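The values are calculated or read from the model by the stated rules, or taken from the named source; none is laboratory data. If you're wondering where the values come from, they're calculated on a predicted model, not measured in any experiment. Reconstructed Cβ throughout: ideal geometry from the backbone, glycine too, with neighbour counts over all protein chains shown.
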């Protein structure tokens with residue numbers, strides 16, 4: 001969601017900006033634009049609604065270029081996606097160009113104030129308030145840096161911002177307030193690069209530094225000056241040791257299809273250095289900084305979307321295996337409810353991007369409360385890592401498909417391993433030898449589902465015209481029901497709801513008729529008979545019954561319309577396999593509806609606004 005790039009170069013920067021924006025496409029966006037300081041020291045803005053290919057087509061004959069510029073991919077919050085609302089945004093006098101990630105919560109107040117001073121607004125964006133507010137301070141006689149400092153103080157909300165000024169044509173200004181994602185500054189012998197994504201810097205920078213909350217940057221070809229509004233801030237350049245990741249679909253039609261098929265490999269990567277199957281032990285020692293998890297008496301998990309459902313599933317595992325009480329919170333709710341955090345509580349925020357605004361705010365609150373944290377993320381050098389100081393990497397490599405698949409799988413695997421680790425260090429008196437033996441086989445069972453997905457494809461085609469679905473599960477299968485419904489909503493634009501099966505009779509049963517497919521997750525465990533009762537109740541209301549199960553032999557074929565099966569494991573491990581099944585069902589149903597499964601409408605990979 002919303003990506004930022006900036007470039008100061010000895011040569012022309014237009015192509016560099018476009019290549020940087022292409023690397024940010026996976027985050028999700030609906031318009032794109034760049035601002036360049038041309039040879040006449042004036043600012044040219046090129047922007048359009050749509051994708052980068054649309055932008056390139058629109059400006060294929062445009063010759064604008066320069067040695068300094070900024071760029072942006074926008075995901076609409078204030079104002080519809082349009083050429084006019086795309087970033088960069090001019091100020092009223094067209095001497096400043098601004099790109100902005102985040103949301104200005106008091107923009108109406110600022111807009112009204114500026115209109116009283118004669119400023120006219122031509123876009124529907126909150127970003128225009130930033131441009132005009134800086135402009136107004138400059139008109140009042142302040143320097144541009146002082147104007148930016150005043151703006152940082154004035155605005156309420158979250159903002160990561162870059163600015164070009166015709167009065168200072170060799171400089172990029174920027175600032176960061178709150179948690180609207182990262183602003184990273186890279187350098188090499190040839191250029192200064194700025195980006196909201198670490199991967200974007202890797203190809204053209206040797207060192208980098210991070211802009212923190214409340215800091216302003218002044219960047220020229222001669223160097224970087226960072227201030228916190230009161231004094232200059234000295235920072236060390238950090239080496240970039242990572243290699244740029246080559247992203248390709250290989251022989252798959254979609255990135256998401258490829259990423260689902262990578263899940264067994266991701267599973268194996270997360271075993272490495274963490275799980276010793278010979279000794280049946282787990283070790284996270286090298287991933288925690290000065291944390292003694294043996295003192296933890298309670299765990300609080302926070303996340304959004306798929307990350308939240310992963311937390312829900314983890315709560316079952318952590319309590320069952322490690323015997324530690326667990327609470328889950330949606331990040332956006334956690335932050336505003338004045339949470340009571342007991343001593344010896346560990347908070348675990350989850351975000352595949354490490355830039356999810358609600359989760360960053362919640363994690364920052366935990367930091368202010370001085371609570372120990374470990375984040376689970378797929379992105380190195382992310383904002384979330386910097387807040388928590390401790391991180392467990394998902395090791396899933398880049399996930400381009402907007403809907404989470406392999407990062408969800410990596411997250412729940414890590415949570416399961418953490419549960420084993422806490423059981424181990426707390427000397428829980430329970431023999432888990434068989435669990436280790438079966439856990440080792442899960443990657444091959446995932447591959448079995450992928451190799452035998454024809455049945456799921458046929459069912460997806462069969463139900464592709466249905467516009468309403470229920471997903472039901474009990475215990476640890478309930479979060480998978482939620483995740484399955486979410487995937488169907490995200491990819492197919494189908495109304496789907498996930499429920500604990502015991503809740504069905506308390507309202508959702510009124511929805512069930514012959515047009516309502518109900519996907520029931522039925523595994524061979526303590527809830528088997530309860531789920532059979534639910535199936536029979538659905539059948540008596542003429543609902544279309546799809547069973548997702550690892551124990552078909554315990555179900556009468558007259559009880560359901562269709563069945564999807566996967567390998568039987570200890571019941572506690574079954575969510576790893578049912579997850580793959582619901583992912584495939586959602587993906588193939590979307591394909592049968594001829595939809596773009598990599599870039600679902602209205603969604604973004606990295607949600608940097610609340």
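For region 391-411, taking the residues that are at pLDDT 90 or above and surrounded by fewer than 22 Cβ atoms within 10 Å (Cβ to Cβ), the one that is farthest from residue 212 (Cα to Cα) is identified as 395. When 475, 484 are screened for being within 33 Å of the chain's Cα centre (by Cα) and over 23 Å from residue 595 (Cβ atoms), only 475 passes. Here is a check on your reading of the model: is residue 26 touching a strand residue (DSSP E or B) at 6+ places or on another chain (Cβ under 8 Å) and in the same structural domain as residue 95 (by TED's automatic domain parsing)? Judged against the criteria, residue 26 is not a match. Residues in region 432-472 that are closer than 15 Å to residue 583 by Cα, under 28 Å from the mean Cα position of the chain (by Cα) and in a loop (DSSP other than H, G, I, E, B): 453, 464. For region 51-65, the condition holds for no residue, the condition being that it is touching a residue at least 24 places away in the same chain (Cβ under 8 Å) and under 27 Å from residue 157 (Cα atoms).
I'd like to verify a number: residues in region 275-295 that are under 16 Å from residue 415 (Cα atoms) and modelled with pLDDT of 85 or more, how many? Working first, answer last.
Taking region 275-295 as the starting set, the residues that turn out to be under 16 Å from residue 415 (Cα atoms) are 275, 281-285, 287-288, 293.
Now drop any that are not modelled with pLDDT of 85 or more, which leaves 275, 281-283, 293.
Number of matching residues: 5.
Of the listed requirements (1) in contact with a helix residue (DSSP H, G or I) (Cβ under 9 Å, 6 or more places away or on another chain); (2) under 29 Å from residue 408 (Cβ atoms); (3) touching a residue at least 40 places away in the same chain (Cβ under 8 Å), residue 216 misses just one: (2). Please work out if residue 334 is modelled with pLDDT under 95, buried (at least 24 other Cβ atoms within 10 Å of the Cβ) and more than 29 Å from residue 595 (Cα to Cα). Yes.
Is it true that residue 484 is in contact with a strand residue (DSSP E or B) (Cβ under 7 Å, 6 or more places away or on another chain) and either without any contact (Cβ under 8 Å) to a residue 24 or more places away in the chain or not assigned by TED's automatic domain parsing to the domain that holds residue 259 (or both)?
Considered against the rule, which asks whether it is in contact with a strand residue (DSSP E or B) (Cβ under 7 Å, 6 or more places away or on another chain) and either without any contact (Cβ under 8 Å) to a residue 24 or more places away in the chain or not assigned by TED's automatic domain parsing to the domain that holds residue 259 (or both), residue 484 comes out as yes.
Among the residues of region 507-535, which ones are in a helix (DSSP H, G or I) and more than 24 Å from residue 575 (Cβ to Cβ)? 509, 510, 511, listed by residue number.
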